[in-house]
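Beneath this line is the structure, given in structure tokens, with notes to follow.
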Amino acid sequence: MRKEEINQVVKKLRSKGVRITPQRVAMLEFLAIVDTHPTAEEIFTELTREYPQVSVATVYNNLNLFIKEGVVKELMYGDSASRYDFDLGQHYHAVCDVCGKVVDLYYPILADVEKAAEQLTGFKVRGHRMEVYGICPDCQKKDR
Ligand SMILES: [Zn+2]
Ligand SMILES: [Zn+2]
């Protein structure tokens, strides 16, 4: 299923005149496969296993390109390094306080919050984010 999604994304990029390199495909595949929302550093580490000549700058350039073309979303949490999400549909996140990983949280979208916020603040609301914080299963295991 993810393979099909990647093909769709590659097709979309190609139709916009973006050159599709093996490294770019590998980055998209990695982003689609892992559910931890990797940082650029983590993507770089993974990529150099297969493409040792790749530079960090290339990873950042590709990420910025993916964001610009609307196929990858950048997530920022406070001061920590940005993380990258392949899934563009609205969804929430669970953030581990220990290792920092971010996991998708598929909970029904709270549409009421936006309506309430408009009434309470007078804002024209364009969207909202929600994260829950805690300790992920892996870190709970290490704790014992
Ligand atoms: Zn953790
Ligand atoms: Zn996500």
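The values are calculated or read from the model by the stated rules, or taken from the named source; none is laboratory data. Source: prediction; values computed, not measured. Neighbour counts are summed over all protein chains in view; Cβ atoms, including those assigned to glycine, are modelled from backbone coordinates with ideal geometry.
Considering only residues of segment 100-117 that are within 16 Å of ligand 1 (Cβ to nearest atom) and among the charged types (D, E, K, R), which is nearest to Pro137 (Cα to Cα)?
Applying the first criterion (within 16 Å of ligand 1 (Cβ to nearest atom)) to segment 100-117 yields 100-105.
When the remaining residues are screened for being among the charged types (D, E, K, R), the result is 101, 104.
Values: Lys101: 11, Asp104: 14 Å.
Here the residue is Lys101.
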Can you find even one residue in segment 51-69 that is among the acidic types (Asp, Glu) and not assigned by TED's automatic domain parsing to the domain that holds Gln23? no
Can you name every residue in segment 74-101 that is closer than 13 Å to Met27 by Cα and part of a loop (DSSP other than H, G, I, E, B)? Phe86
Provide a single number: the residues in segment 115-134 that are hydroxyl-bearing (Ser, Thr, Tyr) and within 19 Å of the chain's Cα centre (by Cα). 1
What number of residues in segment 106-126 are within 14 Å of ligand 2 (Cβ to nearest atom) and touching an Asp or Glu at 6+ places or on another chain (Cβ under 8 Å)? 0
Hey, does segment 21-33 have a residue that's surrounded by 13 or more Cβ atoms within 10 Å (Cβ to Cβ), farther than 25 Å from Tyr77 by Cβ and touching a Lys or Arg at 6+ places or on another chain (Cβ under 9 Å)? no
All positions within segment 63-102 that are among the basic types (Lys, Arg), within 14 Å of ligand 2 (Cβ to nearest atom) and surrounded by fewer than 18 Cβ atoms within 10 Å (Cβ to Cβ): Lys73
Given the conditions (1) touching a helix residue (DSSP H, G or I) at 6+ places or on another chain (Cβ under 9 Å); (2) touching a residue at least 40 places away in the same chain (Cβ under 8 Å), every one holds for Arg2 apart from (2)
Among the residues of segment 86-99 satisfying the criterion of being in contact (Cβ under 8 Å) with a residue 24 or more places away in the chain and more than 7 Å from ligand 1 (Cβ to nearest atom), which is nearest to the chain's Cα centre (by Cα)? Phe86
Within segment 17-73, which residues are in contact with an Asp or Glu (Cβ under 7 Å, 6 or more places away or on another chain) and either part of a helix (DSSP H, G or I) or over 23 Å from Ala94 (Cβ atoms) (or both)? Val18, Ala26, Phe30, Ala32, Ile67
Tell me yes or no: at least one residue of segment 44-62 is within 14 Å of ligand 2 (Cβ to nearest atom) and among the hydrophobic types (A, V, I, L, M, F, W, C). no
Hey, does segment 54-62 have a residue that's free of Cβ contacts under 8 Å to residues at least 60 places away in the same chain, hydroxyl-bearing (Ser, Thr, Tyr), surrounded by fewer than 13 Cβ atoms within 10 Å (Cβ to Cβ) and touching a strand residue (DSSP E or B) at 6+ places or on another chain (Cβ under 7 Å)? no
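Looking at Glu50, Glu131, Glu118, which is the one that is within 24 Å of Gln8 (Cβ to Cβ) and among the charged types (D, E, K, R)?
Sole residue among the options that is within 24 Å of Gln8 (Cβ to Cβ) and among the charged types (D, E, K, R): Glu50.
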